[in-house]
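The values are calculated or read from the model by the stated rules, or taken from the named source; none is laboratory data. All of these numbers come straight from a predicted model, not from anything done at the bench. Neighbour counts are summed over all protein chains in view; Cβ atoms, including those assigned to glycine, are modelled from backbone coordinates with ideal geometry. Just so you know, the surface numbers come from the protein's heavy atoms only, side chains and all, with ligands and any DNA or RNA stripped out. Shrake-Rupley method; radii C 1.70, N 1.55, O 1.52, S 1.80 Å.
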Amino acid sequence: MSNALQDFFRQIPLFASLTSEELGEFLRAVRPVELTQGQLLFKAGAPGDAAYVIQEGEVEVSSAGGRPIATLGAGQVIGELALLDGAPRSATIRASSPTTLFRIDKQEFDFQRRNLRTPAFKIMRTLAVTLSGRIRETNAQIGELLAPAPQTPA
């Protein structure tokens, strides 16, 4: 396993808790994917069969209705919910530029989890903490949007 690949993954919060040995074990199941500019990675509603880590380039995230939501770049993770639930994709991902990603196959991840491999459990815990934080942030934003407007003195 290349030290450069381990160094790259170690910088990503989802994998930061893994030891060098655990990361090496996990990375044996990761596969590179190359996209050309404009190429579709997956479409909203497609099976959630993998997560991806962007190594180089950028992708555009669009809602199921086609509205752009975000642009993601190097070091960011896409489709991580698939590792937990395998539900259909909630967004569409298209390469904004030539993009290199690493594919984390859900079946391989489930195999590691079923076989009680430490990397899978550490990643699941980090995903849970990350998703909990996102839910709390979303709840706060909803609370602000729904809060009554301040009363102005008459």
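Values for this structure:
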quantity	calculated
Per-residue ³J(HN,Hα) for region 86-93, Karplus 6.51 cos²θ - 1.76 cosθ + 1.60, θ = phi - 60°, Hz, x for Gly and Pro	x, 5, x, 4, 9, 8, 9, 10
Other-chain or far-sequence residues with amide H under 5 Å of E56's (modelled H)	T100
Span-like helix ranges in the chain, DSSP H, alpha carbon extent 20 angstrom or more, Kyte mean at least 0.0	118-146
Cα-centre dipole for region 12-138 with unit charges at Cβ (Lys and Arg positive, Asp and Glu negative), debye to 20	320 debye
Relative contact order (%) - the chain, alpha-carbon pairs under 8 angstrom, separation at least six	27 percent
Of all accessible heavy-atom area on the chain, the percent that carbon and sulfur account for (1.4 Å)	54 percent
Listed residues L27, L41, L116, most fluctuating in the chain (Gaussian network, C-alpha, under 10 Å)	L116
Span from the region 1-76 Cα centroid across to the region 83-154 one, whole angstrom	13 Å
Correct option for Rg/Rh (Cα atoms, Kirkwood Rh) [calculated from the coordinates] among [x] 1.06; [y] 1.00; [z] 0.92	[x]
Sites matching trypsin sites (Lys or Arg not before Pro) across region 1-97 that sit in DSSP coil, with at most 12 neighbouring C-beta atoms within 10 Å	R28
Candidates G75, G133, G57, ranked by Gaussian network fluctuation over the chain, Cα under 10 Å, top entry	G133
Choice from A95, A29, A140 with maximal GNM fluctuation in the chain (Cα, 10 Å cutoff)	A140
Karplus 3J(HN,Hα) series, Hz, for region 68-79 with 6.51 cos²θ - 1.76 cosθ + 1.60 (x for Gly, Pro)	x, 10, 7, 10, 10, x, 3, x, 9, 9, 10, x
Of I123, T92, G133, farthest towards positive along the dipole that unit charges on Lys, Arg, Asp, Glu beta carbons give region 65-154	I123
